[in-house]
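The values are calculated or read from the model by the stated rules, or taken from the named source; none is laboratory data. Bear in mind the structure is a predicted one, so any value in this text is a computation, not a measurement. Positions of Cβ are generated from backbone atoms using ideal geometry, with glycine treated the same way; all protein chains shown enter the neighbour counts. Accessible surface is based on the protein model in full, side chains and every heavy atom, while ligands, DNA and RNA are left aside. Shrake-Rupley method; radii C 1.70, N 1.55, O 1.52, S 1.80 Å.
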Amino acid sequence: MQVIDLLYDSLGRINPYTYDLEPWVASGWEIDAEDDSIITVTLKKGVKWHDGTAVTLDDIEYTFGAYGLDYIDTMTQNATSNSLTVDLKEPTSKFFSEALILKLVPDGFTDASDENGCGPYYLGASTDDLTTIMAFEDYHNGRVYLDSIGY
């Protein structure tokens with residue numbers, strides 16, 4: 001599971017020191033002042049998958065659908081602001097404790113797909129005895145210090 005955290009990122013993350021939910025792949029989110037079941041999540045610009053393609057709003061929408069989040073009623077994309085507005089069936093903290101920290105997957109991703117995350121490392125070589133993950137040069141939060149990790 002710890003390796004998955006290095007290969008795949010999420011819209012938000014739990015700060016290990018304060019335990020607060022903070023934007024990560026998202027640049028932020030906002031709860032509608034008049035209807036707290038409507039939340040708009042804005043995606044950071046320049047976030048890439050390991051294959052070099054951009055992480056898009058379609059990917060975020062696909063991720064939410066792939067995980068079967070039954071508390072989401074509708075999702076509306078706004079390409080101009082690079083945001084996704086989520087209308088929940090009713091206000092629930094699950095969106096913050098679950099949806100925003102889900103590991104993002106590309107649109108169309110299945111169990112049979114090749115690994116293609118947006119985390120700080122990508123899957124390198126793998127044998128029966130050793131799996132190596134390599135530093136992702138285009139990581140949105142800056143390149144990590146270790147070039148590779150073997151386990």
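Per atom type, the chain shows carbon and sulfur on 50% of its accessible surface, probed at 1.4 Å. Excluding ligands, DNA and RNA, the accessible surface per residue across the chain is 58 Å² with a 1.4 Å probe. Between 0 and 90 degrees, the angle of helix 57-66 with respect to the longest Cα principal axis of the chain falls at about 90 degrees.
Once a ≥ b ≥ c are taken as the square roots of the eigenvalues of the Cα gyration tensor of the range 48-131, is the result rounded (a/c under 1.5), prolate (a/b larger than b/c) or oblate (a/b not larger than b/c)? Taking the square roots of the gyration eigenvalues as a ≥ b ≥ c, the range 48-131 is prolate. Note on the range 1-46: Kirkwood radius taken over Cα pairs, Stokes-Einstein applied at 37 °C and 0.692 mPa s, translational D equal to 271 µm² s⁻¹.
Taking 7 Å steps out from each Cα toward its Cβ at T40 and T132 produces label points 4.6 nm apart.
A value for Kirkwood radius over Cα pairs in Å was derived from the coordinates, and within the list [x] 19.3; [y] 17.0; [z] 16.2 it appears as [z].
Spin-label model, Q77/D107: points 7 Å from Cα along the beta carbon direction are separated by 0.4 nm. Sparsely packed loop sites in the range 3-56 (the trypsin sites (Lys or Arg not before Pro) outside DSSP H, G, I, E and B with at most 15 other Cβ atoms within 10 Å) comprise K45.
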